[in-house]
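The next block holds one structure in the form of structure tokens; read it before the comments.
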Amino acid sequence: MFGIPNDDVCTYINLLPFFLSPQNRKFADYRFDLMKISYNWLKEFINTDKTPQEISTILTGTGLEVESVDKVQAIPGGLEGLVIGYVKECVQHPNADRLKVTKVDVGGAEDLQIVCGANNVAAGQKVVVATVGTTVHPTVGEPFPINKSKIRGEVSEGMICAEDEIGLGTDHAGIMVLDANAVVGSLAKDYFKLNDDYLYEIGLTPNRADAASHLGTARDIAAFLKIGVKKPDVSAFKVDSHDSKIQVVVENEQAAPRYSGITISGITVKESPQWLKERLAVIGVRSINNIVDVTNYVLHELGQPLHAFDADAITGDKVIVKNCAEGTLFKTLDDVERKLSADDLMICNTAEPMCIAGVFGGAASGVKSTTTNIFLESAYFNSVSVRKTAKRHGLKTDASFRFERGTDPDMTVFALKRAALLIQQVAGGAVSSDIIDLYPNPVAPFNVELSYANTHRLIGQTIPHEEIKDIIKALDIEIISESSAGLSLKVPPYRVDVTREVDVIEEILRIYGYNNIYIPTQVRASLSTSPRPEKDTVQNMLSDILTANGFNEILANSLTKSAYSSDLDSAVKILNPLSNDLDVMRQTLLYSGLEAIAYNQNRKAADLKLYEFGKVYSVTDDKYNETQRFSILLTGATAEQWNQKPTAVSFYNLKAIVDSLIARLNITDFTVEDATCKKMAYGLQYKRNNKQLVKFGAVATDSLKKVDLDKPVFYADFNFDMILSAVKKNKIVFRDISKFPAVRRDLSMLIDKSVSFGQLKQIALRTERKLLKDVDVFDVYEGDKLPAGKKSYALSFILEDIEKTLTDKAIDAIMQKLIYNLGKEAGAEIRK
């Protein structure tokens, strides 16, 4: 520090920023779902006096939704509180050899005494002064306040600044000495011509690739305001020589329909000028060096990705655009060695690959501090090819973001000229080759027929024909011919989302303004009946019950890994999977739930109660099937209470939940069977009309191992489509509480071990349909005191007549019928 703000003499460490070469460049600084647009930069394309907020409203109204507008400063702190001072006196500090005591005029009533440690401070200089109370923002490190202090016994009332201390650069060799014409007392930010800017964060939808730049965003504003767009002037571009011998060959023309390039010789790689660094800093792009910064500048300005190669590193003086052999090793800029796919398009020289086309550069061929000659690439790559390659390698860059969505094939040469002029401005050099432009099959514009009648019908309002034509022209769409019925149009290739008549109508509507569409006071509509019960009503009812009982709802991806499938032949496979973990549509809700449990248990959340509504998919005889399912999962322990300790959840906890939901749905006509399923160790299934209504039980160990779980999980799988079908016939019936008492009778019986309680219950309910209200089991015994293959059940029977009191004679008659039918159909022997 040269103006020392602390009370004591300290040892200061000069933290110079690390020079980040292209090889070290990281691409994790950006959020690619948001476009960052500078207000000041936009105004270079359009002539308007609209305020930042007005521009924000226009953008949102035309479909480019502005998620935030923030005032930003090109450098941190914006030099707030810094003033221009004049050093009137400079004498040696009486108590320190390396310090000076100065008197500085900052335009105030009195001069300031400032202790300074810079070797180059002297009387008569114009300097930048941070006065007491100012917070300065250094290039490296945290902001710090300037306080009045004593340094070695001398009062210091501020700090005379070096450029790295106020964020203007990295030089710490001495204080900044300004021009003699600097006005004493004026603000430093005015002297350095810093202008506040506004940053828009636009939620860019995938179809609006054309708006992924300042030029593209300006087009929409210009169309709305009915003004022109000013493109950068490239008329000064010229070829200085033909010394470069670099040739270009495109072997895969489908993946690289257009490839342009140019050679610039004699450049100097260095730090970018302040204006360029500030322009990039506003939109959150870190300065690398002057060459890389120009390519980033043009990308954000015009939407055309560029790549600069060290021309001297191009072996054989030949650029070959081709696919490499499967498994070829390639080290990218992040120093990661990657195995290439035979489907990856590569930019190669005669010996090796140099760059993953449209995605990421190589470690060996990029621009270095010693580079003096560059080959500048500007291409139009196939969007599908780039998207697959980026996904395959897990890379997401500014370039791939645009290529994946579709860039402008007609922009490559213009962007080259723009970049070449900027490089010559900031790095010197001469254009040493003609522009190479390989474009064998030009991309044709989209031909669209627009009907005025369809336009009025879809928009819901009549728009004058002249206004429609003005909007179309403002959107850079060419009118080929016109009739009384409509227009014949040519849509430029960069509008990849405008290929149909309805797309053009949408464009007209968004520029005309959604708010300009008249909303009628009457709405005429025909009533239509929806199916009963409504799916959402039933789903919400079940959700309310489960949530009230401590369950949490989950929502999982319908894409999953094929390793979970027990029958891959019936799985719906994804043709172009994003990854091997997302290559089929799920056939069950089980594994998405188990993954959620594993995720939570790995984060110390062991006790879980989850449910999910979702679809499962299969294919049978080339017919695709889609079924609504509803699942419940339990694991861990019950909740701890003040009067009871937590206990491990069991099958019966799950059964209680399943039975309560079935009862709430008033589904009674079902049978109970053992569940036979590879995914379950044991369990039950309820069937209705011989179709499975719900299956529940303990998840099998093999299934748990697939998601690395080692604790028991209990799972219920409902056929939600069948639930909707079952409750469709439910009717709400009012019934008085019976005035007559219910009667309980018990029977103890010996039965075969193969006979289930469910079978006994069904026999009993069929035997007495009117008066038998409930059947339950209250005791089970199996042991060596019983004959082999036998077990003992004790059942309770609840009988009730809502019209009269049951007599013993009537009860006995019913019980005799039950004993007879249980013996006949289930082989039950009544124990006396």
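The values are calculated or read from the model by the stated rules, or taken from the named source; none is laboratory data. Bear in mind the structure is a predicted one, so any value in this text is a computation, not a measurement. Ideal geometry is used to build each Cβ from the backbone, glycine not excepted, and the neighbour counts take in all protein chains shown. Side chains are part of the model used for accessible areas, which takes the heavy atoms of the whole protein and leaves out ligands, DNA and RNA. Shrake-Rupley method; radii C 1.70, N 1.55, O 1.52, S 1.80 Å.
Counting DSSP beta bridges with both partners in the chain, what percentage is antiparallel, nearest 5?
The antiparallel fraction comes to roughly 95 percent.
Hey, can you find the accessible area per residue of the chain for me, probe 1.4 Å, expressed in square angstrom?
Roughly 50 Å² per residue, with all protein chains present.
Going by amide H atoms built from the backbone, whose H comes under 5 Å of the H on residue 328, apart from near neighbours?
Excluding prolines and chain starts, which carry no amide H, the hits are 340.
Mind checking segment 590-692 for GluC sites (Glu not before Pro) that DSSP puts in a loop (not H, G, I, E or B) and that have at most 16 other Cβ atoms within 10 Å?
Loop-located and lightly packed - 640.
Could you rank 393, 242 by how accessible they are, 1.4 Å probe, largest area first?
I get 242, 393, largest accessible area first.
Angle between the Cα long axis of helix 757-767 and the longest principal axis of the chain, 0 to 90 degrees, nearest 10?
50
Once you charge only the Cβ atoms, +1 for Lys and Arg and -1 for Asp and Glu, what is the size of the charge dipole of segment 250-379 about its Cα centre, to the nearest 20 debye?
260
Residue-wise, which Karplus ³J(HN,Hα) couplings in Hz belong to segment 643-651, taking 6.51 cos²θ - 1.76 cosθ + 1.60, θ = phi - 60°, and x for glycine or proline?
After applying 6.51 cos²θ - 1.76 cosθ + 1.60, I find 10, 7, 8, x, 10, 5, 5, 9, 4 Hz.
Return the long-range amide H neighbours of residue 363 (sequence gap of 5 or more, or a different chain), with a cut-off of under 5 Å between placed amide H atoms.
331, 332, 333
May I ask which residue of 375, 353, 440 lies farthest towards the positive end of the charge dipole of segment 297-449, with charges of +1 (Lys, Arg) and -1 (Asp, Glu) on Cβ and the Cα centre as origin?
353
Would you work out which of 552, 428, 566 lies farthest towards the positive end of the dipole of segment 417-571? Charges go on Cβ: Lys and Arg +1, Asp and Glu -1.
The listed residue farthest towards the positive side: 428.
Please state the equivalent ellipsoid semi-axes for segment 330-458: what are the square roots of 5 times the Cα gyration tensor eigenvalues, largest first, in whole Å?
Each semi-axis is the square root of five times an eigenvalue, giving 32, 22, 13 Å.
Consider all pairwise Cα distances in segment 615-756 and report the whole-number % of them above 18 Å.
Percentage above 18 Å: 69.
For the pair residue 329 and residue 50, how long in nm is the line joining their label points, each one 7 Å along Cα→Cβ?
Calculated label separation equals 5.5 nm.
How far is helix 808-826 tilted, in degrees, relative to the longest principal axis of the Cα atoms in the chain, given as a value from 0 to 90 rounded to the nearest 10?
It works out to around 70 degrees.
Pairs 231/417; 678/711; 623/731; 339/396; 36/473: which exceed 24 Å Cα-Cα?
Checking Cα-Cα distances, 623/731; 36/473 exceed 24 Å.
Residue by residue, what Karplus-based ³J(HN,Hα) values in Hz, rounded to whole numbers, does segment 204-219 have, using 6.51, -1.76 and 1.60 with θ = phi - 60° and x for Gly and Pro?
Residue by residue, segment 204-219 yields 7, 6, x, 7, 9, 4, 5, 9, 7, 6, 5, 4, x, 5, 5, 4 Hz.
Under a point spin-label approximation (7 Å from Cα along Cα-to-Cβ), what is the residue 794-residue 370 distance to one decimal in nm?
It is 9.4 nm.
Evaluate Rg over Rh across the chain, taking Cα atoms for both radii and Kirkwood's formula for Rh.
When Rh is taken as the Kirkwood radius, the ratio is 1.13.
Give me the one-decimal nm value for the distance between modelled label points at residue 742 and residue 65, 7 Å along each residue's Cα-to-Cβ direction.
Using points 7 Å along Cα→Cβ, the separation is 5.4 nm.
Could you let me know the centre-to-centre spacing of segment 274-335 and segment 155-217, using Cα atoms, in angstrom?
What the calculation gives is 25 Å, centre to centre.
Of the accessible area of segment 375-417, with the probe set at 1.4 angstrom, what percent is carbon plus sulfur?
44
Could you compute how fast segment 90-159 diffuses translationally, taking Rh as the Kirkwood radius over C-alpha pairs and applying Stokes-Einstein at 37 °C with viscosity 0.692 mPa s? Give it in µm² per second.
255
Round to a whole number: what % of the accessible area of segment 137-181 belongs to carbon and sulfur, probe 1.4 Å?
After summing per-atom areas, the C and S share lands at 46 percent.
Against the 2.2 N^0.38 Å scaling, with N counting residues, where does segment 221-335 land? I'd like the Cα-based Rg ratio to two decimal places.
1.34
Amide H of residue 323 versus every other amide H placed in the peptide plane: which residues, excluding those fewer than 5 positions away on the same chain, fall under 5 Å?
The list, which skips near neighbours in sequence, is 346.
What percentage of the solvent-accessible surface of segment 712-796, computed with a 1.4 Å probe over protein heavy atoms, is contributed by carbon and sulfur atoms?
Heavy-atom surface of segment 712-796 belonging to carbon and sulfur, 1.4 Å probe: 52 percent.
Along the charge dipole of the chain, pointing to its positive end and built from +1/-1 on Cβ of Lys, Arg, Asp and Glu, which listed residue (778, 180, 592) has its Cα farthest out?
With unit charges placed on the Cβ atoms, the residue in question is 778.
With +1 on each Lys and Arg Cβ and -1 on each Asp and Glu Cβ, and nothing else charged, work out how big the dipole of segment 643-695 is about its Cα centre, in Debye to the nearest 20.
Taking the Cα centre of segment 643-695 as origin, the dipole is about 200 debye.
Quick check: Cα centre of segment 614-640 to Cα centre of segment 223-238, how many Å?
So the separation of the two Cα centres works out to 56 Å.
Once each part is reduced to its C-alpha centroid, what is the distance from segment 744-784 to segment 666-685 in angstrom?
Cα centroid to Cα centroid, the span is 18 Å.
Only Cα pairs under 8 Å and at least 6 apart count here; give the relative contact order of segment 654-760 as a rounded whole percent.
The normalised contact order for segment 654-760 reaches 21 percent.
Which aspartates and glutamates have a Cα lying under 18 Å from the Cα of residue 691, excluding residues fewer than 8 positions away in the same chain?
626, 659, 669, 673, 674, 717, 721
Using unit Cβ charges (K, R positive; D, E negative) and no other charged atoms, how large, in debye to the nearest 20, is the dipole of the chain about its Cα centre?
Here the size comes out at about 3560 debye.
For a quick check of your reading of the filter: which GluC sites (Glu not before Pro) in segment 131-201 sit in a DSSP loop and have no more than 14 other Cβ atoms within 10 Å?
Taking segment 131-201 and a limit of 14 other Cβ atoms within 10 Å, no loop GluC sites (Glu not before Pro) are found.
Output ³J(HN,Hα) for segment 347-360: one whole-Hz value per residue in order, computed from phi by the Karplus curve 6.51 cos²θ - 1.76 cosθ + 1.60 with θ = phi - 60°, and x for Gly and Pro.
Couplings: 9, 10, 9, 6, 10, 6, x, 10, 6, 7, 3, x, 10, 8 Hz.
From the P(r) of segment 85-130, can you give the percent of Cα pairs sitting at distances over 13 Å?
Across segment 85-130, Cα pairs with separations above 13 Å total 49 percent.
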